[in-house]
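The values are calculated or read from the model by the stated rules, or taken from the named source; none is laboratory data. Predicted, not measured: the structure shown is a model, and the values here were computed from it. Here Cβ is always computed from backbone atoms with ideal geometry, including for glycine, and neighbour counts include all displayed protein chains.
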Amino acid sequence: MNSILSTPLTADHIVRGARMAPFAGWNMPIQYEGIIAETLYTRSAVSCFDICHMGEFLLKGDPGACGLEHLVTARLGDMPKGSCRYGSILNEKGGVLDDLIVYRKGPADWMIVVNAATIEKDKKHFQAHLKPGTEFRDVSAQTGKIDLQGPLSRDIIKAIAPAAVTLGYYTFMETNVLGRPALVSRTGYTGELGYELYVPAQEIPELWKKLLDDPRIKPAGLGARDVLRLEMGYSLYGQDINEETTPLDAGLEKFVDFKKDFIGKNALESKKKTGIARQRVFLRTLSRRSPRHEHHIFVDGQTKGIVTSGTFSPHLNCGIGMGFLENIPAARGLNISVGDDKVQIEAVITDKPFVKHTSLKQ
Amino acid sequence: MNIPAGLYFTKEHEWVRIEGSAGIAGITDYAQHALGDVTFVELPKKGQVLKQFQLMATVESVKAASDVYAPVSGTIIEMNAELNANPGLVNQDCYAKGWIAKIMLADPQETKNLLDPAAYKAYVEGL
């Protein structure tokens, strides 16, 4: 895949003056008004994001019998219809192939939402491990997704998809959005009250236009989305987690059900016995300087870890980041520095989320 | 793209305005636009002696950190301390309130190594 992909909205982003850049092979809007303005607006009002690049799979089958339960780290069998669950798919070594969200549409009816850059890899993995004959469809190309995120998003949903106004956190329903069939979930990647709207790709431009005709809603780019997710301490696949990390060192153990069998479980159990060599840490700087991807983490002048994501938090007015640190007991509160051969920035190990008391579960 | 008259420019997108025996320097509109929201500026130190095109400052944006080079050789005589509290001035007003440092010129002839507004405009349009 050498050519860059466009979403149904790429042309519209350019017309509206967004700054575009390649992300995961797609020509995506990085910012409209500015990353900081869009970040602040999402936490105080409501923004919409073009997330059409992400992948969607549809799958039919009893989770145990068809092999789905064996593929995903989270327990799926007890999911109520209309609920979402976050989890991962692993290789035999326990390395994370992708993180994803599973939607249970019926007792044997599923949608799986995966990262854009991993669609083909994930598809092969599912097809290789599902019981032969299991109905599995990659509907990424024909499915569009717009994320509506921010404390005012419920007011918008009330107007465009009234039935969905009752949705609780991590639930979804198939309902009409502006009179057209869609799937609406109360999920997101910003840490605010928010919804993800799945509609047929060809209907995305019309929905986007109607959303932006509402003066309360502003478009936001992937730059703001990255700051927002990092302010919550959410991992980004390909940057914070990858096939070389396991859910144990990535701090994602709570999304792993060790009471069931799944691909990679044996490797994780043996790593649990021997102990993991590094831990996920969250850090903030003592200045406006930002940690950056691949900065070292120094403890008493010695390299003890690496930053996987870093940025400036407009809400905390300091740099924030996440990374991996060698196992140091009671790391929280530890004074460290981050940097490279050019710069060292004073920082401290802290907890996630960096931004607390958001509208997420209101 | 704002490229004011009366300034000299570098291909690394710094500008300098010569005022008597000193030069006031900052980054250009092209640079601030490319960086996006500026969140931090590491200023040079007073008395620091710099050669032309040597590292003078670092500008951090939400996305990345970028080096800023001295457009002329000389001694730093003043820094824009306003940027410590309000680095966004670099975005809002890069040629005035967003200036970075004032340099006592070591060699006034060095402006011949810089671009005039027309040459800088042609250079930026070719990028």
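Evaluated against (1) buried (at least 22 other Cβ atoms within 10 Å of the Cβ); (2) in a strand (DSSP E or B); (3) within 14 Å of another protein chain (Cβ to nearest Cβ), A:Ala21 falls short on exactly one condition, (1). Quick one: count up the residues across the range A:184-237 that are more than 26 Å from A:Ile320 (Cβ to Cβ) and either of a type outside the set (A, V, I, L, M, F, W, C) or at pLDDT below 95 (or both). Residues that pass the stated criteria total 13. Every test in (1) among the polar types (S, T, N, Q); (2) closer than 19 Å to A:Ala37 by Cα; (3) touching a residue at least 12 places away in the same chain (Cβ under 8 Å) is passed by B:Gln92 save one, and that test is (3). Sub-7 Å Cβ pairs linking a first residue in the range B:49-62 that is over 26 Å from A:Ile35 (Cα atoms) to a second residue that is among the β-branched types (Val, Ile, Thr) and surrounded by fewer than 17 Cβ atoms within 10 Å (Cβ to Cβ), at least 6 apart or interchain, are B:Val49/B:Thr75, ordered by first then second residue.
Against the condition more than 30 Å from A:Phe126 (Cα to Cα) and either among the acidic types (Asp, Glu) or surrounded by fewer than 23 Cβ atoms within 10 Å (Cβ to Cβ) (or both), how does A:Arg288 come out, does it pass? Spelling it out, A:Arg288 is indeed more than 30 Å from A:Phe126 (Cα to Cα) and either among the acidic types (Asp, Glu) or surrounded by fewer than 23 Cβ atoms within 10 Å (Cβ to Cβ) (or both).
Of all the numbered requirements in (1) assigned by TED's automatic domain parsing to the domain that holds A:Pro22; (2) of a type in the set (D, E, K, R); (3) surrounded by 20 or more Cβ atoms within 10 Å (Cβ to Cβ); (4) assigned to a helix (DSSP H, G or I), A:Glu203 misses one, and that requirement is (3). Note on the range A:316-347: residues that are within 27 Å of the chain's Cα centre (by Cα), within 14 Å of chain B (Cβ to nearest Cβ) and surrounded by fewer than 24 Cβ atoms within 10 Å (Cβ to Cβ) total 4. Given the criterion within 17 Å of B:Ala65 (Cβ to Cβ), out of contact with any His (no Cβ under 6 Å at 6 or more places or on another chain) and acidic (Asp, Glu), identify the matching residue among A:Glu294, A:Glu253. Matching residue, one of A:Glu294, A:Glu253: A:Glu294. Consider B:Thr111 carefully, then state whether it is over 26 Å from A:Met20 (Cβ atoms), of a type in the set (S, T, N, Q), surrounded by 14 or more Cβ atoms within 10 Å (Cβ to Cβ) and in contact with a Phe, Trp or Tyr (Cβ under 7 Å, 6 or more places away or on another chain). Answer is yes for this residue. State yes or no: is A:Val338 hydrophobic (A, V, I, L, M, F, W, C) and under 21 Å from B:Val38 (Cα atoms)? Judged against the criteria, A:Val338 is a match.
Number of residues in the range A:276-292 that are part of a strand (DSSP E or B) and either closer than 10 Å to A:Asn327 by Cβ or away from chain B (no Cβ under 12 Å) (or both): the value is 7. A:Ser313 meets the conditions (1) surrounded by 24 or more Cβ atoms within 10 Å (Cβ to Cβ); (2) away from every other protein chain (no Cβ under 11 Å) in every case but one. The failed one is (2). Pairing residues of the range A:216-242 that are closer than 16 Å to A:His53 by Cβ with residues that are in a loop (DSSP other than H, G, I, E, B) and of a type in the set (Val, Ile, Thr), at Cβ distances under 8 Å and at least 6 apart in sequence or on separate chains, gives A:Gly223/B:Val62; A:Arg225/A:Thr190; A:Arg229/A:Thr190.
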